[in-house]
Every structure is written in C-alpha cells, then in structure tokens.
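Below you'll find the structure, written out as structure tokens, and then a few comments.
Every number here is computed from the coordinates shown, using simple stated rules; none is lab data. Being a predicted model, the structure only gives us computed values, none of them experimental. Backbone-built Cβ (ideal geometry, glycine too); neighbour counts: all protein chains shown.
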C-alpha cells in the first residue's frame, strides 16, 4: 500500500466516523410543538426544551428563538416588521431594533439604560416573541414586590428571560418601547 492510498483510506475513515457520530448525537433533537396558535418547528437542545416548557405556563401564544437568531415582527403596529437582534456592543449585551418603516435604530441595553433594567442584558439566556394581548407585570418598589397588574399588549412583544430567575417583556406602548417586569 502506498503512502497516498494510506492517507486517502485514513481520511475516508475519519469522515465516515465523524458522520456516524453526528447522527448519534443526543444533544439536539427536532421538535414540532403547538404553542398557542403558532407552530414551533425548530431544533432545540434538551435544556432549551425545558425553557419552552416553562414559558408555556406564562404565555398562551409565543415563539422561542436562539439568541443568535434575528427576529422579524411588527412591534410598533405600523404594518412593517422590525428587525430585532440580540447583540454585544462595548462588552454589553442587549436588543437592537431597526424600525421597519423609518429604519431608526433603538438599542435596549448594549450600554444604553433601559427603564429600571440598566444598560446590560448579558443575563438573558432565553428570548422570543409573545403574541398574547395581556401580560402580567410584577410591581416592585425599593426591591420589594408590592403587587401585580395586567398590561394590555397591542402588538407582538419581545420576551427576555433568565432561566430560574424570570425576566420581562419589551413592548411598544404609548409610542415608545417599555419594560414589563415579570420576575420576583
């Protein structure tokens, strides 16, 4: 056997072995699940499936995305979809929204303070969109929960969560993006 044949045989063996190992991978599985009115067809790891299960208790109609996904939804209700991405800028994470009509850029976090949530959303490990018309807001004063209230959502809203900690929504109300707190 020549060196060339030996190298070609070794390379072929490695390609076949890697391909078979990828087929056996249990880290990812395809799920098709009905979440409210929309079908959710995508690939999730087992831990991401758990996140979806947890969101089912809080939202009737939602779609979950990977943090690397770009979301296109009409958040402002003007008939044009915004381009929404989760990004890091100046070592701080957040949501970048490009208005579908005006092309104006809104940065939530990424070094820009947003309501009481500060300027860094690096804590977020789950995000998505809810199409619900009502969301429950947890009211906090001086670091203490003082109650809750229902908030009417006019348009799709961005879900930002930290597993086992909570989070909230970014929603467009009264001509601006606002935070609806949903954690204790």
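Taking 19 Å as the cut-off, the amide N atoms of the range 81-111 that come nearer than this to a point 7 Å along the Cα-to-beta-carbon line of residue 119 belong to 87-97, 105-111.
For the peptides 152-161, 106-115, 171-180, the ranking by packing is 152-161, 106-115, 171-180, with the highest mean count of neighbouring Cβ atoms within 10 Å listed first. Residue separation of residue 183 and residue 136 scaled by 0.36 nm, minus their Cα-Cα distance, works out to 15.9 nm of gained length. Relative contact order for the range 82-184: 18 percent, from Cα pairs under 8 Å spaced at least 6 residues apart, divided by residue count. Sort the range 59-135 into rounded, prolate or oblate with this rule: let a ≥ b ≥ c be the square roots of the eigenvalues of the Cα gyration tensor; rounded if a/c is under 1.5, and if a/c is not under 1.5, prolate when a/b is larger than b/c, oblate otherwise. Judged from the Cα gyration tensor, the range 59-135 comes out oblate (a/c at least 1.5, b/c at or above a/b).
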